[in-house]
Every structure is written in structure tokens, then in C-alpha cells.
1. With just the Cα atoms of the stretch 151-232, tell me how far they stretch along each of the three principal axes, in Å, largest first.
2. Over what distance in Å are the Cα centres of the stretch 203-262 and the stretch 268-282 separated?
3. HN-Hα J couplings of the stretch 283-297 from phi, Karplus 6.51/-1.76/1.60, θ = phi - 60°, integer Hz, Gly and Pro as x?
4. Largest first and to the nearest Å, give the Cα extent of the stretch 259-309 along each principal axis.
5. Less than 18 Å from a label point 7 Å out along the Cα-to-Cβ axis of ALA267: which backbone N atoms in the stretch 279-321 qualify, by residue?
6. At 222 nm, what helix-only mean residue ellipticity would the chain give, in deg cm²/dmol to the nearest 500, using -39500 (n - 2.57) for each DSSP H run of four or more?
7. Just how large is the dipole of the stretch 252-332 about the Cα centre, in debye to the nearest 20, putting +1 at every Lys and Arg Cβ and -1 at every Asp and Glu Cβ?
8. Taking amide H positions as placed in the peptide plane 1.01 Å from N, state which residues far from ARG70 in sequence (5 or more) or on other chains have amide H under 5 Å from it.
Amino acid sequence: MKPSRDKNRHHRQRTESRERQPSAARTSRRGTGPLPDERLPLILEVTPDENYALLDSGAGRKLEQYGPYRIVRPEGQAFWQPAWDEAEWEKADAVFTGDTDEEGMGRWRFPRTPLGETWSMRHDGIAYLGRFTSFRHVGVFPEQASHWAHMAGLIEEARRPVKVLNLFGYTGLASLVAARAGAQVTHVDASKKAIGWARENQEMAQLSDRPIRWICEDAVKFAEREARRGNAYDIILLDPPAYGRGPKGEVWQLFEHLPGLVETCRAILSQKPLAVVLTAYSIRASFFAIHTLMRDSFAGMGGRVESGELVIREKSAGRALSTSLFSRWVAR
């Protein structure tokens with residue numbers, strides 16, 4: 001508050017924070033035992049508020065309000081027509097232009113007043129930095145607020161110490177929400193730049209006293225090492241790219257490597273787990289695909305698998321812009 005992760009559609013370009021797959025892909029196995037209960041489709045909505053709003057969308061663009069600024073960015077899914085006239089769009093403070101390929105370098109145009117690289121934002125009382133990046137993302141994905149609220153509720157209701165593992169953690173909003181709710185958090189991202197930004201956000205939020213481990217490492221390798229060490233977590237967040245390359249040319253392919261990672265996540269769940277949350281952006285599949293993966297992976301664990309889409313409700317005409325698919329296993 002995303003890139004294939006073509007995100008010329010929606011997911012954040014994480015060329016800056018791509019995780020990579022180990023040299024050999026894991027071979028996963030179907031879980032045994034009864035399948036978890038299921039709930040689908042589940043549509044989780046984010047609606048406009050004073051901190052963020054999807055103001056209007058259409059013609060391959062979206063007009064958003066991030067704190068004090070109106071921002072225009074490409075949005076491939078918005079192939080309808082804008083509800084507001086062009087005069088409203090021309091009030092934008094920043095417009096992303098240039099290369100709209102997620103792997104390319106774009107640029108920002110500031111039609112009114114030149115703006116700095118960063119600005120102050122807030123989510124549910126948590127302060128953090130927005131940033132104009134060359135990949136058109138600004139460091140927060142507001143559709144994830146539904147997951148954050150759900151996670152905070154689980155942590156608070158547990159009334160015991162809760163350990164959260166945030167894989168592919170990016171700029172840390174989910175980690176900050178979990179820490180504020182009382183969890184011990186381990187935040188993992190392969191990008192030093194993203195980790196640095198996340199640490200800045202922790203200071204901005206005045207949560208420096210909260211127990212967050214910031215780890216710059218490959219997410220898959222870290223999870224597998226935790227399994228060998230016998231470490232365990234109560235909640236695991238997974239937000240992997242559809243495709244990514246590591247600094248040494250290692251390749252991550254979501255359809256090929258995600259099953260093994262989900263299996264590893266099951267292996268590092270605690271004796272009293274609460275949830276595993278998976279979000280997928282810009283993949284050529286329906287939510288049924290990741291729903292089936294999660295149900296099979298958590299066979300014999302009980303609980304329920306809930307799957308569907310994350311959407312943002314537009315202010316201008318009330319239309320819903322779908323941003324991503326998700327599936328989450330919850331213990332109860």
C-alpha cells in the first residue's frame with residue numbers, strides 16, 4: 001500500500017527485489033490425509049480512504065491518490081473507458097511515462113511541480129515512505145491491506161507469542177503491521193535496496209523497538225535452511241514474482257518452483273500454526289490453480305483454504321479493479 005509480473009499490469013516490479021531459485025528445483029509431493037475445508041471464491045476489497053484511493057481508471061491507465069499526490073500509471077487490465085473527464089486526470093502530480101515493460105526503465109513526469117524521490121505516507125496509522133521508482137511502482141501495494149488486517153487479527157487473537165515469516169518481503173509494510181500487532185517477524189528479501197527501504201520504513205513508523213529480523217537472502221534458500229535448522233513459524237507470507245532472475249543468473253519460474261516452496265513452508269510451520277498466505281500476480285491461471293495447490297499441500301492439516309482475488313474499488317464509478325490472485329490456508 002505489482003510485474004508478468006507483466007505487470008504492465010499490476011505487480012510490483014521486483015527486478016529490485018526478485019528472489020531466485022536454488023540450482024536444483026525441488027520435487028514436491030502431494031500431501032496425504034483429508035483435504036482442508038474450502039471457501040471460494042473470496043473477493044477481498046480495498047476501498048478509498050484518506051491515505052489511498054483508486055480515483056478513476058480506464059484506457060489502460062489508473063489515477064490514484066497516494067497521500068498528498070495524484071499519480072497516473074499504466075494499468076493493462078483497465079480496458080474500459082475512464083469515468084472522469086481528462087481535466088481531472090490532468091490534475092495529476094506525477095505521471096509514469098516511457099518504457100512500460102516491467103523489465104525496462106521508465107521515468108516519471110511531474111506536470112505541476114518537481115517532486116522529490118520520496119514522500120511520507122500512512123497506512124492504518126503506520127508511517128512509511130512512498131518512492132517514485134523507475135519501474136513505476138511506489139513501494140506499497142494497497143490491495144494487500146486486506147491480508148494485513150486479517151494477519152493482525154490472527155496475531156492479536158492468539159494471545160501468545162507469534163512468529164511471522166515474510167518471504168519476498170519487499171519494503172516491509174506487512175512486516176510492520178505484524179510487528180505492531182505483537183509478532184516476532186523475520187523479513188526476507190534478496191534485494192539490499194528493498195531491505196534498506198524497509199529499515200527506513202521501520203524508523204518512519206517509530207517501530208524500531210519491535211522485534212524484526214531483516215534478512216537479505218534468497219527466500220527459497222532461507223526457507224530450506226530454516227527447515228534443516230528445525231526453526232518454525234506460526235504465520236508465513238508468500239508474495240513471489242511470476243518470473244525472476246538472481247544476480248548469478250538463477251531463474252525463478254513460479255509454475256515450476258512454487259510447489260516446492262509451499263512444501264517447504266508447510267515443513268517450517270509451528271506445532272500451533274495460524275496461516276500461510278500466498279499472493280500471485282500476472283499469471284496465466286485462475287485462482288483455482290493456486291487454490292488446488294494449497295489444498296493439496298495442506299492435506300492432513302485441517303483448517304480451511306480460502307482463495308479468490310484482491311480488488312481495489314474505484315472512487316469515480318465504483319468499478320472493481322482486480323490486482324492479483326490469492327490463496328491462504330488458515331488453521332481455523
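The values are calculated or read from the model by the stated rules, or taken from the named source; none is laboratory data. As the structure is a computational prediction, the values presented were derived from the model and not from experiment. Note: ideal-geometry Cβ built from the backbone for every residue, glycine included; neighbour counts use all protein chains shown. These area figures cover heavy atoms from the full protein model, side chains too; ligands, DNA and RNA do not enter into them. Shrake-Rupley method; radii C 1.70, N 1.55, O 1.52, S 1.80 Å.
1. 31, 30, 18
2. That distance is 12 Å.
3. Rounded to whole hertz, the list is 10, 7, 6, 9, 5, 4, 5, 6, 4, 5, 4, 5, 5, 4, 5.
4. For the stretch 259-309, the Cα spread along each principal axis is 34, 20, 15 Å.
5. Taking a point 7 Å out along Cα→Cβ of ALA267, the residues of the stretch 279-321 whose backbone N falls under 18 Å are 294, 296-301.
6. Numbers: 7 runs with 75 residues, N = 332.
Mean residue ellipticity, 222 nm, calculated: -7000 deg cm²/dmol.
7. Working: 10 positive and 6 negative charges, 66 e Å.
About 320 debye.
8. Under 5 Å from the amide H of ARG70: ASP93, ALA94.
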